[in-house]
Structures are given as C-alpha cells and as structure tokens.
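**Student:** Mind having a look at this structure? Questions to follow.
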Amino acid sequence: MKPGRAFLAATALGAANTANAYWPIRRGRGSVLSFVPGQFTSELPLHAMAWQTAATVAFIRRGCLRSSSGRAGVALAAASWAGLLGLHNEAKRSRDVLEHALEEALGPQYRKRMTGPSAGGEVALTRRQVAFPVRGRRRRYAGVSNLAYAGNGRRNHLDIWQRPGLAPDARAPVLVQVHGGAWTTGSKRGQAYPLLEYLAERGWVCVAINYRLAPKSVWPDQIVDVLQAVGWVRANIAEHGGNPDFIAITGGSAGGHLSALAALVAGKPEFQPGFEELDTSVQAAVPFYGIYDFSAFGEPGWGDAERFLGRVLFRSRLADDRARWEQASPISHARPDAPPFFVIHGSNDSLAAVEQARTFVERLRAQSDNPVVFAELPRAQHAFDIYSSVRTTHTVRAVERFLDVMHADHLAQRDGLTAATQL
C-alpha cells in the first residue's frame, strides 16, 4: 500500500478510537470491544495523542504528503488530536464535578470538618505526574501479605497496606478494598493501587481481600466472604495499627457491587452463616462503577448479561428466581441507618450502566438518614482508576476528603457520647 493510503487508514483507525472514547457502545456484545480501547484512550488521551503524533511524523518522512490521501490523513489526524485534547479537558473537569458532589451532599463548608493531612489544602498535579501515571507502589506499602481470614485457601487471603513505620498503636482509620472481575476472576493484587497507595501514605491502614469466585462458587458465597473479611478486620486490625471502630469499604465493578451490598446487609444472618455473632458493619462505603440491581437485567438490551449471570453466578434464570436475584441487589437493601455512601461512576461506562448508579443513589437518598454523595464523571469508562491518570488522581483525592470527613464525624460523635456518659 502506498504511504498516503496507509497513513489515511492509520489515521482513520486512530480517529475511530478517539470517537469511541467519546461515544462508546454501552449495551450488547459490542460493549466489551468498545470498553477495551476506550478505557486507555479516555484515561490517557495525551499518551494516545503522542502515539498518533509519532505515527504521523513517521508517515510524513515516508512522503505521505505527496498524495491527496496523505493530506486527508493529516486533516483527520488533526481532528483526532483536537478530540483527544477535549478528553484531557474532560478529565481535568472531574475535579470540579467531584467537588460539587461533595459540597452538595456534605455542605459547602465540609472541608472545615477535615482533620487529616489534606486539611491544609491540595497539592497541584505536576507535569511529571501527568506524563508518567504510575499504577501504585505495592511493594512499599503491602508489608503484610496472604493472611487468612477464613478457610477457603488463597481465595480467603488478604493483604494489609500501611505506611512504613506506622506505629503499632496508631489506631488509624481502615479501608477494605474488594476487587472486581465479573465475580469470576480478579485478585487482591492489581486493582485500586492509586487509592490504596494514597491513603496508606497518609496514615490509613488498607486491606485488600480475595473472595471465592464463580462459577466454582455460586451466590451468595462471594458476599459471605466479604462480610467475613470485614469481621476479621474488626477483630484483628488493631494488631496492625488500625482502628477497628472505623472501617470503610470500597471496590470497583463486581467489587463495587459487593462493597455496596456488604455495607447494607451487615449483620443479616442469611449472609453470615456460622459467624452470625461477628460485627461486620462499616462506617462508610465508596463503591466504584458497581452493579446495583440484578433484576434490571431482565429489561430489553441486557439479555447477554442476564444469561451470563444466570449461568455462572446464580445458576438460575431471573424469571424463575427473581427473589434471589433481588436479594443480591444493593438497591433492595436501602435503609434509614445505611452508612454514608460515596457512589462514583463514569458517564461512558460500557460494562456497568450508569443509569443503575443514578437509580441506586435516588433510592438510597430517599431512605438513608446519612449522606449519599454521587459523582458521575464525564467521559469516564469502566475501571478508569487502574491508571494514576488525571481523572483518577482527582477522584482519589476526593475519596480521601470524603473519608476524612466521615472519620472526623465519627470521632466527634464518639467523643460526644463519651462526654455525655461522664456527666
């Protein structure tokens, strides 16, 4: 193929990838194919632009501008670059979206309630951070690995992340991280590293857990494991510098579903067989891009998802087993005494519908007496927080602010109750 035509074909592919980051397929089998390239491009648009620019320079050196096809390719490349710059600006705008969400739910003066390291203000993103978005340094912080919280082998292991030198009696606030992977794959390693590193460096104790996976283990084994892990953390985390009185939970995708459900069904005997007496409650929940209503997969357009879940997770059909599917849905367990929630979802999520997050938040806000923060991040894809991108950095910092306020409120309430009992 002549250089001009080859260049036009390459730029058309790059432009299609940029367009996919703006308008991904969000239903049906094509959603997975749309997600894979869209996640990288929407999170790291400047890196995609650098790759496209390098390819353009290489083709120009080969003489592609001598043909009309090559010149058309340059025009198409320029349009793609403009789109990538727009994606970068959308990522930067996430900071304002997150801040507005926090102010709306917690009050415009919520930062005055913060007591942690970020109470003095945020540090600006550097050019180096934008250019080199590292995933997170597990080796530095995950000093304790593969502790067993139950008896199902490595699927019931957990890792503890903490800042080197954290005092054993620090009584630091605790975050439990639940991995994603469509309930069938995934591990405590490889996910949420930017959040775990950021919080650990600021004095938190973070616990990343495994749990039993489908199809070998069917529902409700997954939520049973998550609750048992939380119970283990409450009983044992003081030995690792954590405060068992303040435990938050987070997770993405399937982990978003499980973390939200765990926060809402803690203490229910049907989800705690053999450990009914354990305190599995949490003081805050931060689900990322989760599934909140399994019964919604019976609606038109979700047939593939329903078949997948019925085959591997529930081993039943929604129409024949609706009560069980609904029992597994966080939206079915909204209640007045639900812990504070910070629900985070991308508007362009191809794998977990943002509409579910909106409906879940609406239901939770209608019933819960505690704050419910919701941030719908513009142009964000599923699993956007794998990279320490611009958007992820703003999101991680917003999560810290939310958890800082929840922790401060918890301590203030505890101290107030203590003072009241001493009168």
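**Student:** Only residues that are part of a loop (DSSP other than H, G, I, E, B) and charged (D, E, K, R): list them for the range 269-294, please.
**Tutor:** 276, 277, 279, 293
**Student:** When you scan the range 333-360, how many residues do you find that are without any contact (Cβ under 8 Å) to a residue 24 or more places away in the chain and touching a helix residue (DSSP H, G or I) at 6+ places or on another chain (Cβ under 9 Å)?
**Tutor:** Adding up the residues that qualify gives 1.
**Student:** How about the range 344-382: which of its residues are touching a Leu at 6+ places or on another chain (Cβ under 8 Å) and either under 26 Å from residue 45 (Cβ atoms) or part of a strand (DSSP E or B) (or both)?
**Tutor:** First, pick out the residues of the range 344-382 that are touching a Leu at 6+ places or on another chain (Cβ under 8 Å): 344-347, 371-373, 375, 377, 379, 382.
Residues satisfying the conditions are 344, 345, 346, 347, 372, 373, 375, 377, 379, 382.
**Student:** Cβ-Cβ distance below 9 Å, separation of 6 or more or different chains: which pairs start in the range 5-29 with a residue that is within 20 Å of residue 349 (Cβ to Cβ) and end on one that is basic (Lys, Arg) and crowded, with 20+ Cβ neighbours inside 10 Å?
**Tutor:** Listed pairs, sorted by first residue: 21/379; 22/379.
**Student:** Additional query: So residue 301 passes all but one of these: (1) touching a Gly at 6+ places or on another chain (Cβ under 8 Å); (2) farther than 29 Å from residue 91 by Cβ. Which condition number does it fail?
**Tutor:** It is condition (2) that residue 301 fails.
**Student:** Oh, and also: So, in the range 48-68, of the ones that are crowded, with 18+ Cβ neighbours inside 10 Å and touching a residue at least 40 places away in the same chain (Cβ under 8 Å), which residue ends up nearest to residue 93 (Cα to Cα)?
**Tutor:** Ranking the candidates gives 52 first.
**Student:** Of the residues that sit in the range 100-128 and are under 18 Å from residue 375 (Cα atoms) and in contact with a strand residue (DSSP E or B) (Cβ under 9 Å, 6 or more places away or on another chain), which one is surrounded by the most Cβ atoms within 10 Å (Cβ to Cβ)?
**Tutor:** Once the filter is applied, the top-ranked residue is 102.
Okay, residues lined up against (1) crowded, with 20+ Cβ neighbours inside 10 Å; (2) modelled with pLDDT under 95; (3) assigned by TED's automatic domain parsing to the domain that holds residue 274; (4) in a helix (DSSP H, G or I):
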site	(1), (2), (3), (4)
184	no, no, yes, no
190	no, yes, yes, no
200	yes, no, yes, yes
207	yes, no, yes, no
214	yes, no, yes, no
219	yes, no, yes, no
224	yes, no, yes, yes
227	yes, no, yes, yes
246	yes, no, yes, no
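**Student:** Being out of contact with any strand residue (DSSP E or B) (no Cβ under 6 Å at 6 or more places or on another chain), surrounded by 22 or more Cβ atoms within 10 Å (Cβ to Cβ) and touching a residue at least 60 places away in the same chain (Cβ under 8 Å) narrows it down to one of 77, 72, so name that one. Talk me through it step by step, then tell me what you get.
**Tutor:** Numbers: 72 fails: surrounded by 22 or more Cβ atoms within 10 Å (Cβ to Cβ).
Matching residue, one of 77, 72: 77.
**Student:** Further question on the same structure: Which ones in the range 259-293 are in contact with a His (Cβ under 7 Å, 6 or more places away or on another chain) and β-branched (Val, Ile, Thr)?
**Tutor:** 265, 291 - these are the residues of the range 259-293 that are in contact with a His (Cβ under 7 Å, 6 or more places away or on another chain) and β-branched (Val, Ile, Thr).
**Student:** Okay, next question. For the range 1-109, please list each of the helices (runs of 4 or more DSSP H) lying entirely inside it that holds at least 3 residues being outside the structural domain of residue 368 (by TED's automatic domain parsing) and within 20 Å of the chain's Cα centre (by Cα). Reasoning before the result, please.
**Tutor:** Numbers: elements: 3-22, 30-43, 45-61, 68-106.
Where helices (runs of 4 or more DSSP H) fall fully within the range 1-109 and carry at least 3 residues being outside the structural domain of residue 368 (by TED's automatic domain parsing) and within 20 Å of the chain's Cα centre (by Cα), they are 30-43, 68-106.
**Student:** So which residues in the range 177-223 are within 21 Å of residue 260 (Cβ to Cβ) and of a type in the set (Lys, Arg), if there are any at all?
**Tutor:** Selection gives 188, 212.
The values are calculated or read from the model by the stated rules, or taken from the named source; none is laboratory data. This structure is a prediction, so every number in the text was calculated from the model and none was measured. Cβ coordinates were reconstructed from backbone atoms using ideal geometry, including for glycine residues, and neighbour counts include every protein chain displayed.
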